[in-house]
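For reference, the structure is listed below as structure tokens.
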Amino acid sequence: MPARRRATARPRAALIFGDLWEFDPAPETADPRLKPRYELFIGGSFVRPRSGRYFDSINPANERRLAEIALAGPADVDAAYQAAARAFRPWAATPGRERGKYLFRIARLLQDRAREFAVAETMDGGKPIRESRDFDVPMAAAHFFYHAGWADKLDYVVPGRSVAPLGVVGQVIPWNFPLLMLAWKIAPALAMGNCVVLKPAETTSITALKLAEILQDAGLPPGVVNFVTGAGETGALVMGHPAASKVAFTGSTEVGKAIMRQLAGTDRKMTMELGGKAANIVFDDAPIDQAVEGIVNGIFFNQGHVCCAGSRLLVHEPVADRVISRLRNRIRVLRVGDPLDKNTDLGAINSGAQLAKIRRLVASGVREGASLFQPPCRLPARGFYYPPTLFTGVTQSHRIAREEIFGPVLSILTFRTVDEAIEKANNTPYGLSAGVWTDKGSRILRMSTELKAGVVWANTFNRFDPSSPFGGYKESGFGREGGRQGLLDYVRLAGGGEP
Ligand code: NDP
């Protein structure tokens, strides 16, 4: 009796908690054991830079200096490559099961110092302690564990073919997941018998240098891993060094293209993990509450400093109003502030430069006619912060729908048909990830086939596992990290031919 039910139904009260109560501060208090100054890590020791120069690492939560970091110049990068080249033959000749033991030890030592590393990561990068504690550090350890397991199984990487290490690998990583990106890079390289020269990002070098202490404690032979710190010029030296057999880069598409131009004409093996502008697609049969949580996780995890962030929400028209109104309510209760507080959902933006970029792109969205929504939000007086932001009325030509913002800003578009959703999702130069929310398995299969993205999550988002390969298409790069596929980028196959 639908008519009668309508007559008696009362409007459902919306459950909005908002600022109904205050949370007491819950700061994480573990000592990050920071040093006032960090040197380069070359040949198994901490050494002063031949350049004689240092730069400051700032805590983005309060703009205070955390430590001084050595700046590697050409002679330092050269020394790191020489140390790695000396270490290569004995390391490659070490039986895989022995190499695996080193990786296993590194993972265990990282677990032992997990709280200290989580605090250091949060202070250096600005991410909430909940994330560095529950995601970054455990996932970094998991990558070392996973690759420890592969080290003695080289015969099974490509069954029937033998594999050999490449030599010295030059690696450059970004600031959004400093320790985790480092683990993604060095664990497979080492497991396969390569040596490494790695440059962390200028704003987040500290956990790499703390990991160097762990490498020493694990007894890793000197020179197998070398860390050279500095800015983009140091990165260019690492990528361009003639002794590199392979380079692996994670960072922006713009810098990735510059490196490829720099290396054009060389026979160097390359992996490029670049930017993204992922579509998170919600159909009308999706479980809306779960989808809203997935959308929030997709764009606000790590303040949106995530290459695979679901930064474009494509929502089916029949449920668009419902999804948007629940999203607004949900982001009203996100807590922005001190990254070391265990209640914080959104911490600090990594740097003043990144904050300026977010503001520029948000201003372009307003100028181009999209509607901005930001909940009332008290931001700390010092430090780099930005509130969670939604844009509705976005069209495909808006800059906020096309460019990677790398901040807590969601651009919302709508669609009517499955074909339109696919067309809009693929209408981007990037191809790193995508999300699909629907009750229909057949639709998930179709979408995952037709979406041009390295990863397609179904009824979830931002799920990672060391055994699952990750990487992009188009301007999001090439090569894979993680899983068996990730190993193939660190080996040469005997007998020619691709696997
Ligand atoms: P950048 O490209 O600016 O920097 C990445 C790294 O490259 C940093 O260590 C940087 O040094 C260094 N670098 C800068 N210029 C050069 C150069 N000419 N040659 C060699 N190295 C150089 O990216 P961000 O650090 O700003 O990171 C954000 C980007 O990374 C986003 O686009 C994001 O999507 C992408 N990313 C991709 C991932 C993936 O797996 N596909 C994962 C994580 C991030 P410095 O920091 O000192 O400037």
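Derivation of every value follows stated rules applied to the coordinates shown; laboratory data play no part. Fair warning: this is a prediction, and the values are worked out from it, not measured in the lab. A quick note on method: Cβ atoms are made from the backbone with ideal geometry, for glycine too, and the neighbour counts reach across all protein chains shown.
Using only Cα atoms and rounding to the nearest 10 degrees, what angle (0 to 90) does helix 441-450 make with the longest principal axis of the chain? Relative to the chain, helix 441-450 is tipped by roughly 50 degrees. Taking amide H as placed 1.01 Å from N in the peptide plane, the amide H of Leu410 sits under 5 Å from that of Thr389, Leu390, Phe391, each at least 5 places away or on another chain. Here the 3J(HN,Hα) profile of the stretch 359-369, calculated from phi with Karplus coefficients 6.51, -1.76 and 1.60 at θ = phi - 60°, is 4, 4, 6, 5, 4, 5, x, 5, 4, 7, x Hz, Gly and Pro shown as x. Taking amide H positions as modeled 1.01 Å from N, with prolines and chain starts lacking one, the residues under 5 Å from Val315 and 5 or more places away or on another chain are Val282, Leu413, Thr414, Phe415. Looking at the stretch 279-466, what % of the alpha carbon pairs are farther apart than 30 Å? Here the long-distance tail beyond 30 Å is 14 percent of all Cα pairs in the stretch 279-466. Packing, taken as the mean count of other beta carbons within 10 Å per residue, orders the peptides 169-181, 134-146, 312-324, 414-426 from highest to lowest as 169-181, 134-146, 312-324, 414-426. Separation of the stretch 234-266 and the stretch 383-435, taken as the distance between their Cα centroids, equals 29 angstrom. Remark on the chain: Rg and Dmax equal 23.4, 84 Å (Cα only).
Quick one: go through the stretch 71-104 and flag any residue whose amide nitrogen is under 19 Å from the point 7 Å out along the Cα-to-Cβ line of Ser45. The answer is 71-73, 75-88, whose backbone nitrogens lie closer than 19 Å to the label point.
For Gly431, the residues 5 or more places off, or on other chains, whose built amide H falls under 5 Å of its own are Lys277, Tyr473, Glu475, Ser476. Listed peptides 476-485, 358-367 appear in the order 476-485, 358-367 once ranked by packing, highest mean of other Cβ atoms within 10 Å at the front. Phi-derived couplings, Karplus 6.51 cos²θ - 1.76 cosθ + 1.60 at θ = phi - 60°, listed residue by residue for the stretch 94-100: 5, x, x, 5, 6, 4, x Hz, with x used for Gly and Pro.
Taking the alpha-carbon distance from Lys269 and a cut-off under 12 Å, which aspartates and glutamates remain once sequence neighbours fewer than 8 residues away in the same chain are dropped? Within reach: Asp489. Between helix 74-93 and the chain there is an angle of about 80 degrees, using the helix long axis and the longest principal axis of the Cα atoms.
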